[in-house]
Amino acid sequence: MDHAHSLERLLAAPHPPRPWEDEHQIPWHDPAFSQRMLQVHLDPSTHMASRNPELIDRHIDWLESQIPAGSHVLDVGCGPGLYCHELARRGHRATGFDFAPAPLEWARTKSQSEKLDCHFLNHDLTKLPDDFTTLIEGPLDAVTFWFGEFNSFSPAMVREFLPKLKSCLRRGGKFILEYQPDDIFVKEESTDWSVVNSSVFCDRPHLWLQEFGYDEDSDTEVHVHWILETESGSLQRYVQCHKAWTDTQLLALLAEAGFSEPMMHPAITGESEEFEFPLVVTSA
Ligand SMILES: C[S@@+](CC[C@H](N)C(=O)[O-])C[C@H]1O[C@@H](n2cnc3c(N)ncnc32)[C@H](O)[C@@H]1O
């Protein structure tokens, strides 16, 4: 596709973008993307994709105040397994699942080299099999879902996977959810652009155009990344949707999935509003 056709396609797209119509997440599970993203996960100078080891350590300190010694914990969307590894170093048993191939492979290699009691599975949260509980050898003491990725799923998807996660927990087991609170959503349209030699989306020079919209009907932020390769004119479109749940809506959703005794908790260290969010701890 040449530059002119790419521009035609870009201009013909809906502006502002509409939510939940096609893709709703960046392409975590694409092999090349996941390889580039792995470098971001592991870069200790940024909290992007994964918080740095010091912050994760402090999160695990807090998590240990919520779970018994020697717990079996399932980490949803575990990425390179940084939380699982640390839990296993502290005597817990950890199972993580994700659908991004490069981080998963790194998580397994690290776990083998340190001889940690960790297992990593390749599953898409939106397509969990009915026998998922048996695959992870539950029942579990806790299920964790860190870093606000929860908000990148539509209400229908969340209603589908929450009961499946709950069924993995023993009675009284904890679901620990770090979510992006309603008040951090900007709820305005805007655009941004930059010229870069490479990014997580593409390792060749490109123009990176970003559009942000907010759909009030569905309370969803839509973030579109247009990647226009400078030399070839090739154009890729990636869409991220983030659903804004109010605390009241979130608590009702968790109750609907059968969780009880919810406790809201502020961000664990409060170090960064951009990279650390509040949590809700609730019981199966
Ligand atoms: C922001 S990263 C956080 C990684 C890890 N929890 C951490 O804090 O270090 C979000 C993770 O969720 C995973 N993820 C997103 N959608 C997923 C899905 N549908 N199924 C499984 N994993 C998913 C991504 O691949 C990515 O590793």
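Count, please, the residues in region 211-229 that happen to be surrounded by 15 or more Cβ atoms within 10 Å (Cβ to Cβ) and either in a loop (DSSP other than H, G, I, E, B) or in contact with an Asp or Glu (Cβ under 6 Å, 6 or more places away or on another chain) (or both).
Matching residues across region 211-229 total 5.
Taking region 1-35, which residues are of a type in the set (Lys, Arg) and either within 21 Å of the chain's Cα centre (by Cα) or assigned to a loop (DSSP other than H, G, I, E, B) (or both)?
Within region 1-35, ARG18 is the sole residue that qualifies.
Going through region 180-218 one residue at a time, which ones are within 29 Å of ALA267 (Cβ to Cβ) and touching a Pro at 6+ places or on another chain (Cβ under 7 Å)?
PRO181, GLU189, GLU211, GLY213, ASP215, SER218
Collect the residues in region 1-24 that are within 16 Å of the ligand (Cβ to nearest atom) and surrounded by fewer than 16 Cβ atoms within 10 Å (Cβ to Cβ), keeping them in residue-number order.
Result: ASP22, GLU23.
Could you tell me which residue of region 122-159 is farthest from the chain's Cα centre (by Cα), considering only residues that are near the ligand (Cβ under 10 Å from one of its atoms) and under 19 Å from ARG170 (Cβ atoms)?
Ranking the candidates gives LEU128 first.
Report every pair of residues separated by at least 6 positions or lying on different chains whose Cβ atoms are under 9 Å apart, first residue within region 149-161 and in the same structural domain as PHE97 (by TED's automatic domain parsing) and among the acidic types (Asp, Glu), second surrounded by 20 or more Cβ atoms within 10 Å (Cβ to Cβ) and in a helix (DSSP H, G or I).
GLU149/LEU125
If a residue has to be touching a residue at least 24 places away in the same chain (Cβ under 8 Å), closer than 19 Å to PHE153 by Cβ and charged (D, E, K, R) to count, how many in region 217-236 make the cut?
So the count comes out to 2.
Does HIS92 satisfy the condition of being in contact with a Gly (Cβ under 8 Å, 6 or more places away or on another chain), away from the ligand (no atom under 12 Å from the Cβ) and under 24 Å from GLU160 (Cα atoms)?
Spelling it out, it is not the case that HIS92 is in contact with a Gly (Cβ under 8 Å, 6 or more places away or on another chain), away from the ligand (no atom under 12 Å from the Cβ) and under 24 Å from GLU160 (Cα atoms).
Name the residue, out of VAL239, VAL195, that is farther than 30 Å from ILE60 by Cβ and touching a residue at least 40 places away in the same chain (Cβ under 8 Å).
Going through VAL239, VAL195 in turn, just one is farther than 30 Å from ILE60 by Cβ and touching a residue at least 40 places away in the same chain (Cβ under 8 Å): VAL239.
Restricting attention to region 150-186, which residues are assigned to a loop (DSSP other than H, G, I, E, B) and surrounded by 14 or more Cβ atoms within 10 Å (Cβ to Cβ)?
PHE153, SER154, SER167, CYS168, TYR179, GLN180, PHE185 - these are the residues of region 150-186 that are assigned to a loop (DSSP other than H, G, I, E, B) and surrounded by 14 or more Cβ atoms within 10 Å (Cβ to Cβ).
When you check GLU64 against the structure, is it assigned by TED's automatic domain parsing to the domain that holds LYS115, away from the ligand (no atom under 12 Å from the Cβ) and surrounded by 13 or more Cβ atoms within 10 Å (Cβ to Cβ), yes or no?
Answer is yes for this residue.
Select from region 230-265 the residues that are polar (S, T, N, Q), within 23 Å of ALA13 (Cβ to Cβ) and not in a loop (DSSP other than H, G, I, E, B) and list them in ascending order.
Within region 230-265, GLN236, GLN240 qualify.
The values are calculated or read from the model by the stated rules, or taken from the named source; none is laboratory data. This one's a predicted model, so the numbers in the text were calculated from it and none came from an experiment. Glycine also receives a Cβ, built like all others from the backbone with ideal geometry; neighbour counts cover every protein chain displayed.
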